[in-house]
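Let me begin by presenting the structure, written as structure tokens, before commenting on it.
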Amino acid sequence: MSGRTALVLGGRTGLLGMSLTRALEGAGWNVRPAGREDAAVTDPAALGALVRAAEPDVVFNAVAYTAVDKAEDEPDAANELNRALPASLGRLAAELGFRLVHFSTDFVFDGKKSTPYEPEDPTGPLSVYGRSKLAGEQALLEIAPPRLTIVRTAWLFGPGRRNFVRTMLSLAAEREEIRVVHDQIGSPTYTPDLAAHVVKLAEIEADGVFHVANCGQASWCELASEAVKLAGLHCKVQPITTAEYPTRAERPRFSVLSNAKFKAATGITPRPWAQALRDYVFQEIPPE
Ligand SMILES: NC(=O)c1ccc[n+]([C@@H]2O[C@H](COP(=O)([O-])OP(=O)(O)OC[C@H]3O[C@@H](n4cnc5c(N)ncnc54)[C@H](OP(=O)(O)O)[C@@H]3O)[C@@H](O)[C@H]2O)c1
């Protein structure tokens with residue numbers, strides 16, 4: 001689908017934004033990645049000027065306040081980026097007619113289910129971050145721009161920016177043992193895979209809320225163990241409980257996302273996370 005124009009907020013430096021920029025370029029789109037230097041996105045006038053100048057067919061919003069623990073102490077900053085920014089974008093989308101693709105998180109759920117979450121399942125965020133992301137979704141659904149895609153995803157790893165897998169590999173290279181939480185289960189997701197799937201959703205003009213993640217599930221400990229094994233590091237990965245590693249923000253115990261709605265819309269089955277992790281570790285982490 002060459003010739004379409006995408007504005008990617010967070011497309012210069014964001015973990016997901018960078019992969020989105022690359023995937024869109026690969027698919028033949030005209031891509032305008034935007035970072036802090038391009039506009040103060042929290043200023044509606046500056047945001048409006050940025051969007052109007054880009055004349056986009058689709059705006060991908062990969063900007064967010066993602067510091068889950070810090071958000072507990074900075075709810076205003078989290079809400080400014082996670083609720084007010086999508087709301088501003090929703091109003092612009094309603095006025096100008098572009099498709100808005102916005103990202104949200106598995107942390108909108110309370111983690112009390114034991115089977116994968118569907119997009120329609122009741123939400124119940126446990127943290128300031130989760131509540132701010134849910135508020136962003138709700139603001140958009142209320143404004144209801146005519147062409148809206150909300151993609152909830154989870155547990156991202158990928159090239160270009162610090163992420164859980166990279167942190168674990170750095171620690172494992174220096175230590176004989178790392179201790180990692182084993183009683184939180186989620187959907188590890190590789191940003192280049194997610195980006196390709198999201199481009200597909202935009203190209204087929206899919207409206208509504210979708211869950212998109214790599215297939216399968218893991219605990220943080222299983223994800224770290226697999227990465228350490230693939231990297232050939234001789235570090236013991238010791239499972240611990242959440243109680244043994246208290247954090248400022250509470251996280252859901254189980255937040256695996258079901259891709260069923262995404263598969264039905266696109267015909268695509270995302271590959272298992274372990275296969276994607278192999279690509280990440282072999283291609284992106286330079287050998288010692
Ligand atoms: N990471 C995960 O595991 C995960 C899981 C579930 C859902 N998500 C969702 O996926 C989306 C992308 O997350 P991500 O992990 O790619 O985020 P990220 O790596 O933290 O990137 C966030 C982007 O937002 C920009 N940004 C932050 N504060 C800003 C501000 N005040 N003004 C302008 N730009 C600002 C950052 O720019 P700078 O580089 O200049 O700071 C960066 O480009 C988010 O909606 C997130 O909620 C992420």
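Things to note:
- Residues that are surrounded by 18 or more Cβ atoms within 10 Å (Cβ to Cβ) and either near the ligand (Cβ under 8 Å from one of its atoms) or at pLDDT below 95 (or both) within region 67-83 comprise 81, 82, listed in sequence order.
- Within region 62-77, residues that are in contact (Cβ under 8 Å) with a residue 60 or more places away in the chain have Cβ atoms under 8 Å from residues that are of a type in the set (Lys, Arg) and near the ligand (Cβ under 8 Å from one of its atoms) in these pairs: 64/133, counting only partners at least 6 apart in sequence or on another chain.
- Matching residues, region 245-280, being part of a helix (DSSP H, G or I), over 17 Å from the mean Cα position of the chain (by Cα) and surrounded by 12 or more Cβ atoms within 10 Å (Cβ to Cβ): 260, 261, 263, 265, 266, 274, 275, 278, 279
- Taken together, the residues in region 84-97 that are buried (at least 23 other Cβ atoms within 10 Å of the Cβ) and more than 21 Å from residue 68 (Cβ to Cβ) amount to 2.
Conditions (1) more than 10 Å from the ligand (Cβ to nearest atom); (2) over 21 Å from residue 126 (Cβ atoms); (3) in contact with a Pro (Cβ under 9 Å, 6 or more places away or on another chain); (4) of a type in the set (Asp, Glu), marked per residue:
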site	(1), (2), (3), (4)
38	no, yes, no, yes
42	no, yes, no, no
46	yes, yes, no, no
58	yes, yes, no, no
61	no, yes, yes, no
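- Condition check for residue 283: surrounded by fewer than 15 Cβ atoms within 10 Å (Cβ to Cβ) and at pLDDT 95 or above: no
- No other residue among 24, 7, 50 is part of a helix (DSSP H, G or I), in contact with a strand residue (DSSP E or B) (Cβ under 9 Å, 6 or more places away or on another chain) and buried (at least 22 other Cβ atoms within 10 Å of the Cβ) apart from 24.
- Search result, residues across region 92-128 that are among the aromatic types (Phe, Trp, Tyr) and under 23 Å from residue 259 (Cβ atoms): 103, 107, 109, 117
- Residue in region 87-94 that is under 16 Å from residue 133 (Cβ atoms) and away from the ligand (no atom under 13 Å from the Cβ) present: yes
- Residues satisfying the stated conditions in region 16-36, i.e. free of Cβ contacts under 8 Å to residues at least 60 places away in the same chain and within 11 Å of the ligand (Cβ to nearest atom): 17, 21, 33, 34, 35, 36
- Subset of region 227-241 [surrounded by fewer than 18 Cβ atoms within 10 Å (Cβ to Cβ), β-branched (Val, Ile, Thr) and part of a strand (DSSP E or B)]: 240
- Only one of the numbered conditions (1) β-branched (Val, Ile, Thr); (2) more than 14 Å from the ligand (Cβ to nearest atom); (3) buried (at least 16 other Cβ atoms within 10 Å of the Cβ) is not met by residue 115, and that is (3).
- Among the residues here, residue 251 qualifies as in contact with a Leu (Cβ under 8 Å, 6 or more places away or on another chain), basic (Lys, Arg) and within 16 Å of the ligand (Cβ to nearest atom).
- Tally of residues being in contact with a helix residue (DSSP H, G or I) (Cβ under 6 Å, 6 or more places away or on another chain) and of a type in the set (Gly, Ala, Ser) across region 110-132: 2
The values are calculated or read from the model by the stated rules, or taken from the named source; none is laboratory data. This is a predicted model, so every value here is computed, not measured. In this analysis, Cβ positions are derived from the backbone assuming ideal geometry, glycine residues included, and neighbour counts consider all displayed protein chains.
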